[in-house]
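Engineer: Submitted below is the structure of interest, expressed as structure tokens.
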Amino acid sequence: MRHSIALVTGATSGLGYAAARLLAERGWQDVIVTGRSLAAAKDTAAQLVAGTSKRVFSPLALDLNTAASVTSALADLAKGGRPIDFLLLNAGLVPTRRRVITAEGIEASQAPLIGHHALAVGLLNANLLSPDARIVITSAEPARGGVPMFSYTDLPAFAAKDYGGDYTAAAEALIRSGPKVKYAPNTAYADAKLMIAWWAEALARRLPAGMAVYAVSPGASNATNVARNAGPLLKYLMIPIVNRIPGMNQAPEIAAGRYIQASAFGTDVSGQFFASAMGKFSGPMEVQRQPHLLDGASQEAAWQAVVNVSGVDVTHPEWLRAVSGRHVGHGALAADSDRGSRPLL
């Protein structure tokens, strides 16, 4: 992959800021950094120039909670006309103790996925991704399960109980935190990160040959703003305790390094979810192969739910034909998602 143009969302602090800095230090020629306002993005670009002495940073206004902002950002990128080689979809947050629904009717921790989907698919449809582009989207350890205090919703059981077995309707209810969803912040966070892992697998089936996407957990790194909206128990008790445990926290530069590592992966692992080994929150990444992650029906339901909420889908006919030839039904593994025999990385 060419080290030409990278775009990093959520670059104003934390892991996004660290990733943008790493990309510049590793020779990328143009690193587009986004902020919710153009002023914030410009400030970030200036700080990065001062910290690296590399004038490769370009600011871009992007508020993932607002469809109009994503559309505006896509228009700005189209004016440049230069395809992006590495798209790092990093922005995210830990939800608050009380349920928060955005102005567009989306549960707050799910909103970054909707915005990221609109951005990534918008770039794809506009031919603004290079032929060998890499896309990395941030997931987290709770998506795989086995994380204390965090549990994800069993989508098939939820669909069977409340939605007549309709996985897509159930997934959309989780995204919107509908009336049948019993809200708990840690479950909402785990659901959002699991939805991302499923979305990445579904997107991988829709990408042209040569492109690839990966869901990546950066591992534990609490020196970020991701928990800025978390409840007091998590923010003031759990995180400080965890910070004192060896191997349970790592510098943002180490965590962001996982994104950079994934940007060099091949198309043979496109769509897969990379995270720490079970029971760990740092160290080497491994491909996660838990059955719930590999369920093709859940992956496609997550994709369609995101499309329904965002109103954005892949439009290139040749890609749509390729996807239609790989239909998956409930209980089946998608042909391109059955990676149970592949080794850990």
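The values are calculated or read from the model by the stated rules, or taken from the named source; none is laboratory data. Keep in mind that this is a model prediction, so the values were computed, not measured. In this analysis, Cβ positions are derived from the backbone assuming ideal geometry, glycine residues included, and neighbour counts consider all displayed protein chains. Please note that ligands, DNA and RNA were not included when accessible areas were found on the heavy atoms of the full protein model with its side chains. Shrake-Rupley method; radii C 1.70, N 1.55, O 1.52, S 1.80 Å.
Engineer: Kindly list the number of the only condition in (1) without any contact (Cβ under 8 Å) to a residue 60 or more places away in the chain; (2) farther than 19 Å from LEU129 by Cα; (3) open to solvent by 20 Å² or more (accessible area, probe 1.4 Å) that fails for ALA24.
Structural biologist: Checking ALA24 against (1) without any contact (Cβ under 8 Å) to a residue 60 or more places away in the chain; (2) farther than 19 Å from LEU129 by Cα; (3) open to solvent by 20 Å² or more (accessible area, probe 1.4 Å), the one that fails is (3).
Engineer: Output the residues belonging to segment 27-46 that are surrounded by fewer than 17 Cβ atoms within 10 Å (Cβ to Cβ) and polar (S, T, N, Q). Steps first, answer last, please.
Structural biologist: In the first step, residues of segment 27-46 are kept if they are surrounded by fewer than 17 Cβ atoms within 10 Å (Cβ to Cβ); the result is 27, 29, 37-39, 43, 46.
Once the filter is applied, which keeps residues that are surrounded by fewer than 17 Cβ atoms within 10 Å (Cβ to Cβ) and polar (S, T, N, Q), segment 27-46 yields GLN29, SER37.
Engineer: A further question on this structure: In a loop (DSSP other than H, G, I, E, B), among the hydrophobic types (A, V, I, L, M, F, W, C), under 19 Å from the mean Cα position of the chain (by Cα) and closer than 29 Å to ALA184 by Cα, is that true of VAL94? Explain how you work it out, then say what you get.
Structural biologist: Details: in a loop (DSSP other than H, G, I, E, B): yes; among the hydrophobic types (A, V, I, L, M, F, W, C): yes; under 19 Å from the mean Cα position of the chain (by Cα): yes; closer than 29 Å to ALA184 by Cα: yes.
So VAL94 passes the test.
So that you can scan it fast, the table gives a plain yes or no per residue for (1) free of Cβ contacts under 8 Å to residues at least 60 places away in the same chain; (2) open to solvent by 10 Å² or more (accessible area, probe 1.4 Å):
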position: ALA50; (1), (2): yes, yes
position: LEU89; (1), (2): no, no
position: ALA111; (1), (2): yes, no
position: ASN125; (1), (2): no, yes
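Engineer: Please go through segment 97-125 and pick out each residue that is of a type outside the set (Val, Ile, Thr), in contact with a strand residue (DSSP E or B) (Cβ under 8 Å, 6 or more places away or on another chain) and not in a helix (DSSP H, G or I).
Structural biologist: ARG99, GLU107, ALA108 - these are the residues of segment 97-125 that are of a type outside the set (Val, Ile, Thr), in contact with a strand residue (DSSP E or B) (Cβ under 8 Å, 6 or more places away or on another chain) and not in a helix (DSSP H, G or I).
Engineer: In addition: Filter segment 169-193 down to the residues that are more than 19 Å from the chain's Cα centre (by Cα) and not small (Gly, Ala, Ser), then identify the one that is surrounded by the most Cβ atoms within 10 Å (Cβ to Cβ).
Structural biologist: Checked segment 169-193; the qualifying residue surrounded by the most Cβ atoms within 10 Å (Cβ to Cβ) is VAL181.
Engineer: Restricting attention to segment 189-229, which residues are at pLDDT 95 or above and out of contact with any helix residue (DSSP H, G or I) (no Cβ under 8 Å at 6 or more places or on another chain)?
Structural biologist: Those that are at pLDDT 95 or above and out of contact with any helix residue (DSSP H, G or I) (no Cβ under 8 Å at 6 or more places or on another chain): ALA200, ALA204.
Engineer: Moving on to the next point. Would you be able to tell me the number of residues in segment 61-87 that are of a type in the set (Lys, Arg) and either open to solvent by less than 20 Å² (accessible area, probe 1.4 Å) or over 29 Å from GLY266 (Cβ atoms) (or both)?
Structural biologist: So the answer is 1.
Condition check ((1) at pLDDT 95 or above; (2) within 20 Å of ALA301 (Cα to Cα); (3) not aliphatic (A, V, I, L, M)) across all residues:
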position	(1), (2), (3)
ALA133	yes, no, no
VAL136	yes, no, no
SER139	yes, yes, yes
VAL147	no, no, no
ASP154	yes, yes, yes
LYS161	yes, yes, yes
GLY165	yes, yes, yes
PRO179	no, yes, yes
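Engineer: Within segment 288-312, which residues are within 22 Å of ALA262 (Cβ to Cβ) and either assigned to a loop (DSSP other than H, G, I, E, B) or under 16 Å from the mean Cα position of the chain (by Cα) (or both)?
Structural biologist: If the condition is that a residue be within 22 Å of ALA262 (Cβ to Cβ) and either assigned to a loop (DSSP other than H, G, I, E, B) or under 16 Å from the mean Cα position of the chain (by Cα) (or both), then GLN288, ARG289, GLN290, LEU293, GLN299, ALA302, TRP303, VAL306 are the ones that fit.
Engineer: So which residues in segment 134-149 are in a strand (DSSP E or B) and not β-branched (Val, Ile, Thr), if there are any at all?
Structural biologist: ARG134
Engineer: Being more than 26 Å from SER109 (Cβ to Cβ), assigned to a helix (DSSP H, G or I) and not aliphatic (A, V, I, L, M) is the filter here, so list the residues in segment 65-86 that pass it.
Structural biologist: Those that are more than 26 Å from SER109 (Cβ to Cβ), assigned to a helix (DSSP H, G or I) and not aliphatic (A, V, I, L, M): ASP76, LYS79, GLY80.
Engineer: Here's a follow-up. Can you confirm whether ILE106 is open to solvent by less than 40 Å² (accessible area, probe 1.4 Å), out of contact with any Cys (no Cβ under 8 Å at 6 or more places or on another chain) and more than 25 Å from ALA212 (Cα to Cα)? If you could, list the steps in order and put the result at the bottom.
Structural biologist: Working: open to solvent by less than 40 Å² (accessible area, probe 1.4 Å): yes; out of contact with any Cys (no Cβ under 8 Å at 6 or more places or on another chain): yes; more than 25 Å from ALA212 (Cα to Cα): yes.
Here the answer is yes, as ILE106 does meet what is asked.
Engineer: So which residues in segment 276-290 are at pLDDT below 95, under 19 Å from PRO148 (Cα atoms) and not charged (D, E, K, R), if there are any at all?
Structural biologist: If the condition is that a residue be at pLDDT below 95, under 19 Å from PRO148 (Cα atoms) and not charged (D, E, K, R), then SER276, ALA277, MET278, GLY279, PHE281, SER282, GLY283 are the ones that fit.
Engineer: Are any residues in segment 274-284 out of contact with any Asp or Glu (no Cβ under 8 Å at 6 or more places or on another chain) and either in a strand (DSSP E or B) or surrounded by 15 or more Cβ atoms within 10 Å (Cβ to Cβ) (or both), and if so, which ones?
Structural biologist: LYS280, SER282
Engineer: Kindly check whether there is at least one residue in segment 52-60 that is assigned to a helix (DSSP H, G or I) and crowded, with 21+ Cβ neighbours inside 10 Å.
Structural biologist: No, because not a single residue in segment 52-60 is assigned to a helix (DSSP H, G or I) and crowded, with 21+ Cβ neighbours inside 10 Å.
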